[in-house]
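The values are calculated or read from the model by the stated rules, or taken from the named source; none is laboratory data. The model shown is predicted, which means the values in this text are computed figures rather than measured ones. When we count neighbours, we look across all protein chains shown, and the Cβ atoms used for this are built from the backbone with ideal geometry, even at glycine.
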Amino acid sequence: MLKSISVLAVALAGALAAGTATAQTYGFGQPATPAAIAGWNIDVNGLSGAGLPAGRGTVAEGQKVYEERCASCHGVFGEGAGRYPVLAGGQGTLTADRSVQTVGSYWPYAPTLFDYVRRAMPFPAPQTLSDDQVYAVVAFILNLNNIVPANAVMDAKTLAAVKMPNRDGFLTSTWTHDTRPDLHSTACMKNCKSGPVQVISDLVSLHVTPEQTESGNVGSQVEFKEAPAGPATAARPAVPSVTFAQVQKIIAQRCAVCHAQKPTQPGFSAAPMGVMLDTPQRIKAAAKKIGEQAVESQAMPIGNVTNMTQAERKLLGAWIAGGAK
Ligand code: HEC
Ligand code: HEC
């Protein structure tokens, strides 16, 4: 099975490399014509305006399009109806506590406005405007923001020449004056850390990311030690090793609420069956039983009321397998 998939993959890769051969050779699909590709290939480069099509539009023409197709959501003056986005105003508010981010206050490049409106607006019927209508409505929105005058005509050339107020707000050029050290360090791509690597926290342990159970990833609990460099050991994979502190933390969280001299779990007044897991000595002495109950049968925590994870069970298993030190 695996082999036949890879044979197919090689055949497909070959077909793709031969351009449109796929359709003819295998009898499915049809070659993408230049016209079909052009229908999708509508991106405009914000910085240079490359990709802007032929056509033109005035502010006055744009006002008509806007009132018919846009104002119901974005407001007659771009102020936004209800919770629809505000398109005008907000200039000078970006550093305020509550900034108003609009085309005029926020967007760095004017050609992007053409790209966005042509691609995505009007929201219920995208790509129903002609290029002339898009140029016109873009001219109108820029005029609403006092960026172009009322007699402006927008086309590929004039639109690319418009300088937006927040043009430099995104650029790293402004960061060169920033003295924070992490903005100036050289990226390290190789042998960046000498000595052991220790993962001390991750999103799994914060319960932000679902844990992986099958792949052997045991989340944050395991400390990964890099194999020492050198020809003799270079091929050795990283070996997870478990510290007692990790074990103790899990037991405290998942077991000791019941298994302690004074249980904190409601309904428990004494350690069930006298099993106490509240000191390092008691935990070590009970290692075998912990393995039976929490790793093998997984009968504990009872009803898993303390939400023990598979990763934690694996970790306990690894600790016991390593001699429960
Ligand atoms: C039915 C309501 C509706 C209509 C009509 C509509 N829009 Fe929008 N517009 C939206 C919504 C919703 C968003 C936000 C979309 C998103 O974030 O994915 C949006 C976003 C935008 C934005 C980006 C705002 C920003 O700063 O992020 C622009 C520009 C825009 N619309 C222009 C137009 C233009 C021009 C028209 C008319 C041709 C139009 N819209 C018609 C609902 C509408
Ligand atoms: C909600 C309370 C609770 C939690 C949390 C809990 N246990 Fe228990 N544990 C019990 C109860 C109740 C019994 C007695 C079960 C019975 O009577 O069969 C028990 C019994 C045991 C026993 C003795 C089993 C035997 O048959 O000898 C061990 C060992 C044990 N638990 C280990 C653990 C470990 C390890 C954890 C954490 C991974 C844990 N328990 C979490 C309630 C709990």
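Under the condition of being within 9 Å of ligand 1 (Cβ to nearest atom) and among the basic types (Lys, Arg), the residues counted in the stretch 61-79 number 1.
Looking only at the stretch 288-309, decide whether some residue is on the phi < 0 side of the Ramachandran plot, touching an Asp or Glu at 6+ places or on another chain (Cβ under 8 Å), in contact (Cβ under 8 Å) with a residue 40 or more places away in the chain and assigned by TED's automatic domain parsing to the domain that holds Lys249.
Here is the first cut: in the stretch 288-309, the residues on the phi < 0 side of the Ramachandran plot are 288-297, 299-302, 305-306, 308-309.
Okay, now just the ones that are also touching an Asp or Glu at 6+ places or on another chain (Cβ under 8 Å), so 309.
Now narrow it down to the ones that are in contact (Cβ under 8 Å) with a residue 40 or more places away in the chain: 309.
If we keep only those that are assigned by TED's automatic domain parsing to the domain that holds Lys249 too, we end up with 309.
Yes, the stretch 288-309 contains at least one residue that is on the phi < 0 side of the Ramachandran plot, touching an Asp or Glu at 6+ places or on another chain (Cβ under 8 Å), in contact (Cβ under 8 Å) with a residue 40 or more places away in the chain and assigned by TED's automatic domain parsing to the domain that holds Lys249.
Contact map, the stretch 120-141: first residue among the aliphatic types (A, V, I, L, M), second residue within 7 Å of ligand 1 (Cβ to nearest atom), Cβ cut-off under 6 Å, separation 6 or more or different chains; pairs are Val134/Val117; Ala136/Val65; Val137/Val65; Val137/Tyr66; Val138/Leu113; Ile141/Leu87; Ile141/Val103. Scanning the stretch 229-272 for residues that are near ligand 2 (Cβ under 7 Å from one of its atoms) and at pLDDT 90 or above yields a total of 7.
The residues in the stretch 277-317 that are near ligand 2 (Cβ under 10 Å from one of its atoms) and either in a helix (DSSP H, G or I) or of a type in the set (A, V, I, L, M) (or both) can be counted, and the count is 22.
Scan the stretch 125-143 and give yes if some residue there is exposed (fewer than 10 other Cβ atoms within 10 Å of the Cβ), within 27 Å of Asn41 (Cβ to Cβ), small (Gly, Ala, Ser) and modelled with pLDDT of 85 or more, otherwise no.
yes
Apart from one condition, Val103 fits all of (1) under 27 Å from the mean Cα position of the chain (by Cα); (2) surrounded by 14 or more Cβ atoms within 10 Å (Cβ to Cβ); (3) more than 9 Å from ligand 1 (Cβ to nearest atom); the exception is (3). Every condition in (1) surrounded by 13 or more Cβ atoms within 10 Å (Cβ to Cβ); (2) farther than 23 Å from Pro53 by Cα; (3) at pLDDT below 95 is met by Arg167 except one, and the failing one is (2). List the residue pairs whose Cβ atoms are under 7 Å apart, where the first residue sits in the stretch 253-267 and is touching a residue at least 40 places away in the same chain (Cβ under 8 Å), the second is of a type in the set (Ser, Thr, Tyr), and the two are 6 or more positions apart or on different chains. Pairs that qualify, where the first residue is touching a residue at least 40 places away in the same chain (Cβ under 8 Å) and the partner is of a type in the set (Ser, Thr, Tyr), are Gln253/Thr306; Arg254/Thr306; Val257/Thr264; Val257/Thr306. Scanning the stretch 247-297 for residues that are under 39 Å from the mean Cα position of the chain (by Cα) and buried (at least 20 other Cβ atoms within 10 Å of the Cβ) yields Val247, Ile250, Ile251, Arg254, Cys255, Ala256, Ile290, Ala294. Taking the stretch 33-150 as the region of interest, the helices (runs of 4 or more DSSP H) fully inside it that hold 1 or more residues being within 19 Å of Asp168 (Cβ to Cβ) are 110-120, 131-144.
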